[in-house]
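Here, each number is a calculation from the coordinates, and none is a lab measurement. Because the structure is a prediction, the values reported are computed rather than measured. Virtual Cβ from ideal backbone geometry, glycine too; neighbours counted across all protein chains shown.
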Amino acid sequence: MNPTHAPTPTRRTRAAGDVARALTAILALAGFVLGVPAALVVVAPLGWPRTWPTWDTVLSALTRPDDGTLFLGAVTLVAWGAWAAFTLSVLTELAAAARHITVPSVPLLGLTQRAAATLITTAGLLVVTSAPLLGTPTAHAAVLVDTAPQRPIRSAQSAVAMTASDATTMEASASIAPSMTALSPAAPVDRHPVITVARGDTLWSLAERHLGNGARYTEIRDLNLGQPQPDGRTLTETHWIYPGWQLRLPFDATALPAPATTANSTATPIAAATSSYDVTEGESLWGIAAQQLGDGARYREIYDLSTHTLQSDGRTLTDPDVIRPGWHLTIPSAAGTPSAAPTPAAVPAQHPAPSAPQTLSTAPRAEPTSPAGLVEPRSLRPAGAEQDDQVGSGAPGRGVNDETVTVGGANSKTDDETAERPFAQDFYLGLSALAAAGVIGELSRRRHLQHRRRRVGQRIALPQPGSQQDAAERDLRSAICPLTIPQIKAALLTLASRSYAAERDLPRVGAILLTETTLELHLTVDDDTPVAPFTSTSPRTWSAPIDAIAADPTIDDDADRPEPYPALVTLGHTDDAVVFVNLEAAGTLTLTGEPEVAGDTLRAVVAELATSDLTGRIGLIAGEAFAGLAGVCDPARLQIVADPGAVHDQIASRDIEVASALGGIGADDTLQARSDRAVGDVWLPVVYVATNGAETAYQRCAPWSGTAVIGAGTSNGGGWSLVVDDDASAVLEPLGLRMRPQRLSRGDLDTLVSMLRTADGPHRSSDLDVRAAPRPLVNDIADALAALPPRPAPDPPDPAQGLEGSPQAVRVNVLGPIQIDGIPHGSATRLSKRGTELVVYLALRRSANGPELVEALWHGKRVDNQARNSLIYRTRQHLGEANLPVVDADGTYRLGPDVISDWTEFQRLARAGLSAGTSGAADLQAALDLVRSRPLLGTRDSDYAWAENDIQHMIETITDVAHVLSQLRLGTGDHRAAIEAATKGLLVEPCSDLLHRDAVSAAFAHGDDAEADRLIARHRALLAELDPDFDDETLDSSAFSQ
């Protein structure tokens, strides 16, 4: 995009370094092109034979002993050939530069072409003595600018040569910090056009192609010096560029690739001719575009042309909803190609469509956190204009079913505003995405067990809102994984079943890489006979698309199969993949290098081993440094052995036992025994965490020996090592995988321990004992009523009063998969994913200010007010202004009074029913009829990380109501209704012993022993999965049949 004022050409002075490099390049060119042949004429002249040799002569020369003549002749030919190739490349580069064309790539001459291009470009520094840094074309060039929100760019595989990949292009995007933050409340996004370096490109050729003059390559260089590229390198003064790099160009660049039109971006051609327009009071960009261009939807072109204009009051245009009287706007030609009317997917997340006329004189109600003068946008666009893509289907997270979020009766999909950065790019509390998911899975398991023993009216222990534990849990919940831990575990179990059915050994997996699209198994030995759905991409790599893995049916009729790789733990991530290491394959893994980073990584690995379901069956033994973690873990999961000598003795003893067992069946190691399904006692390994004083253990653990050791320190040469560099990157040897290791500081480990301790809950004497006699029902009713959330305060006066037309009721349903009904038909019927989360948040919390919304919906990440306001504006377009009014004078957002939720209705009915005592069954039944499944079922934890406490409180209230209703029905002899009420509660919390007792007792009372036995068996299987050491006697059917 061109500035709206005439650019002032500035001239670059030639630096001494430029002159030196240019002179060096010229001398090198002269030496290679002129000096080399002059030297060859003297030392290795070409002698032409008087007659052409015959075949006999050639054969004789090749078979007789060489006296050196043949060798010297070959060297001479090679030397002259190399000179000829380089000279030809120089001449073609010079000719191409003179004709302003691109040199085609000549086979076998790639190296010489690159060298020639580099030397010629560098030599050109001498002639760039006064080239302006910013050209002054007579008319604005047509520039395609991507206005989509800035996102990180996925790294391509690092190129090893300057021309290692084919030409690719990409749309222009914003990538650098703005330069006018001191003048504007919200700095403008960088709008430099961006191109992708293709094979054979140089800075000079790019300047010729896009700027019309190769000498202007310095402008491209200055824009990109030091900017990180996808392969981790940066442009330096050597001017080397590589395929896949993304370089910014000056604003007047031409011949840009046309960006693909997607839901994530919209390119707006900037017209060639422009005019100036002075804003008067009461005008808006939409109205000006309609008046001057004949189409209000072309407001975007005016906005893009005017953002860099410094106005008379010292401000710049940063928000399409805020223009001020006296400002000068740049208007494109009315005959220019108009931009398409912004569709839902095309409305930029950073800049919504302009609102009603709002200038300084309108005195709008602005949110306190917004800069002075900014106002809440109010639409002038047609109410039926579509804006957002559909809500994404919820990934498995809260609940076992993969349900779809439904809005307005239509299934919705992920949209541009919720596009996430690659999952492997971030750490969560220092942990990888999979390690974070493992911790959340352990917290969920413990909370299920808390609900198991919960009495009516009790509340399970949860982190206090706003506490360090609460912030840490939210951070962990924001992790996004393309495959869940249960899916990865199921895929590996299926691999074990199919390998056994095919009568082949399990593949010897040393590491696993999980990307956004594939699951790769990296083997330690060659194996080119993969098991479906995996395919072989190299002798030691199997790969399967994650879609194929997710769709692969599970094998449930193979109860005897072992877990094939029970010691998988993540070490960190590459640019695009999370890296698992198989500790069994390593035998011994030493974290060496920078001590602090190595220590943090060891803590992260141990925390993951103690919490992830992937390693839930192994034995883990550590030193006193992990005593706090062991205190909140099951003793069978993590044990502390303080004496390093005892660790050594344990490893030696176990080695002898395992070797003896393997020798008895003729197996080479534990993986072979696992493949043959023999000697089950050695299937699960024991992992020792070596601490100070236990280094001697490093030499005693061979791969697949039934024992593994991991520690931080100095490697003794055996086993594998993770070598940590000073920049906190690391290399896993001998596999050669470079990554950024996960790290858990001592403080974060303490926070993690406190989270696990809270999730265990206090062991009070008042916990439920199903073997004891039931309490009087009136006591349960009183406790359930007392535990209901307090009545909500009445809403403030409706800010939408006075608007024309009556609002249409909108219903937010959260007692099951999220569903929003009643969206006005006059507007688009599908909310965006984040828009749905906004509505749910306001429905559950009733009100929120701007910072609270940012904290909840963007996981605490810093976003500007425009992103938030844009989301609220688009959501209001769907719901109607009466259902989502503009911000209050105190900066508070609320839903309109006609927006209702099933959870609010449930509480009202539950309060009425419980208040009526034993006569309130009808209201309690009506409340329970609102429950469709577990609250917010099917949503990803990362999307509703703020809602965990709300969900747990809903579960507690629903199970209390289900218990009271079941007992009321049982008391009236309606046994079938009692069973239905209890099982509805079990649908929400399947581990509740209280509801389980209600259902089984009602089944026995109904005379349906088979149903009672089925309920007992299901409850027993569920608890065995969650707690292998649960007390089975509490599920004895004799306790319920009395």
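Tally Lys and Arg at +1 and Asp and Glu at -1 over the other residues with C-beta under 10 Å from the C-beta of THR524: what net charge comes out?
Taking every other residue near THR524 into account, the sum is 0.
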For region 485-753, with the dipole built from +1 on Lys and Arg beta-carbon atoms and -1 on Asp and Glu ones, taken about the Cα centre, which of ALA728, GLN742, ILE665 lies farthest toward the positive end?
-> ILE665
Would you mind ranking SER543, SER901, SER915, SER966 so that the residue whose beta carbon has the fewest other beta carbons within 10 Å leads the list?
-> SER915, SER543, SER901, SER966
If each of ALA659 and HIS328 carries a label point 7 Å out from its Cα toward its Cβ, how far apart are those two points in nm?
-> 8.8
Taking 0.36 nm per residue of separation between ALA889 and ARG862 and subtracting their Cα-Cα distance, the length gained on full extension comes to 7.3 nm
Pop the C-beta distance of ALA39 and SER536 into the FRET formula with R0 = 41 Å and round what comes out to the nearest 0.05.
-> 0.20
Estimated FRET transfer efficiency (ASP56, ASP528; beta-carbon r; R0 60 Å; 0.05) | 0.80
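Note the full-extension length gain between THR714 and ALA1024 as 0.36 nm times their separation in residues minus their Cα-Cα distance, in nm to one decimal.
Additional length available on full extension: 107.4 nm.
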Scoring only Lys, Arg, Asp and Glu (+1, +1, -1, -1) among other residues with Cβ under 14 Å from the Cβ of PRO595 yields -2
Using the count of nearby Cβ atoms within 10 Å as a rough guide to exposure, how do GLU837, GLU1011 rank from fewest to most?
-> GLU1011, GLU837
Within region 441-455, what residues put their amide N at less than 15 Å from the label point 7 Å along the Cα-to-Cβ vector of SER467?
-> 447
Sort TYR299, TYR500 so that the residue with the fewest other Cβ atoms within 10 Å of its own Cβ comes first and the one with the most comes last.
-> TYR500, TYR299
Residues in region 208-251 that a label on ALA28 would reach, taking backbone N under 15 Å of a point 7 Å out along Cα→Cβ | 236-241
Pseudo-spin-label distance ALA548 to ALA20, built 7 Å along Cα→Cβ, given in nm, is 5.5
Quote the relative contact order of region 485-753 in percent (integer), defining contacts as alpha-carbon pairs under 8 Å separated by 6+ residues.
-> 22
Neighbours of VAL810 by Cβ distance under 9 Å: Lys/Arg at +1, Asp/Glu at -1, summed charge -1
In nanometres, the difference between 0.36 nm per residue of separation and the alpha-carbon distance of ALA642 and ASP505 is 45.5 nm
